[in-house]
1. In square nanometres, what is one fourth of the surface area of the convex hull spanned by the alpha carbons of the chain?
2. Only four residue types carry charge here, +1 at the Cβ of Lys and Arg and -1 at the Cβ of Asp and Glu. Report the dipole size of the chain about the Cα centre in Debye, rounded to the nearest 20.
3. Rounded to the nearest 0.05, what FRET efficiency do residue 99 and residue 31 have when you use their Cβ-Cβ distance and R0 = 22 Å?
4. List the relative contact order of region 1-95 as a percent without decimals, with contacts defined as Cα pairs under 8 Å and 6+ residues apart.
5. In nanometres, what is the gap between the two model label sites at residue 106 and residue 64, each 7 Å from Cα along Cα-to-Cβ?
6. Positive end of the charge dipole of the chain (Lys, Arg +1 and Asp, Glu -1 on Cβ, about the Cα centre): tell me which of 29, 64, 82 has its Cα farthest that way.
7. Okay, helix-only estimate at 222 nm for the chain: each DSSP H run of n ≥ 4 adds -39500 (n - 2.57), divide by all residues, round to 500 deg cm²/dmol; what do you get?
8. Quick one: give the max-minus-min coordinate of the C-alpha atoms of region 50-121 along each principal axis, largest first, in Å.
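Each reported figure results from applying straightforward, stated rules to the coordinates on display, with no laboratory input. This one's a predicted model, so the numbers in the text were calculated from it and none came from an experiment. Cβ sites come from the backbone with ideal geometry, for glycine too, and all protein chains shown count toward neighbours.
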Amino acid sequence: MNYLFVSLGAALGGVVRYWFGDFVHKLLPSFFPFGTLFINIIGSFLVGVFIFYFDERELLSQPVKLFLTIGFCGGFTTFSTFSFETIKLLLDSEFILASVYIIASVFLSILGVYLAYILSR
C-alpha cells in the first residue's frame, strides 16, 4: 500500500513540475534554467515543512508522509534535470552560468529546507 501512496504522490508531483516549469519558461528568459532552479528550491522548502513542521508534530500519518515527501516532492523536484542542464551549460562552454546554477541550486535548496526548519519552530 505504501508504494501506491508514493506513486500517486510522484505522479502528482511530476504533473505540477511540468506545469510550473512551463509557466516559468514562458515568464522568464530561457538562457538560464530558472524553472528547474525554482522547482528545486520550492521542493526543498516543502520537504522541510512536511518533515520539520507536520511530521515532528505527528500531524501526518505514515501514508500521507510517504505521499507528500517521497512521492510528491520526489516527483516534483528535478535533480536529474538539474544535472543534465548543468552538463549542457558546461558543454556549451557556459562555465560562469553553470557555476552560478550549481551554487544557487545547492545553496538555495539547502536554505529552503533550513528556512522551513526555522519557520516550523
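1. The orientation-averaged projected area of the Cα hull of the chain comes to 7.6 nm².
2. 160 debye
3. 0.90
4. Reported relative contact order: 49 percent.
5. Label at residue 106, label at residue 64, 3.6 nm between them.
6. 64
7. Theoretical 222 nm ellipticity from helices: -23500 deg cm²/dmol.
8. 48, 24, 9
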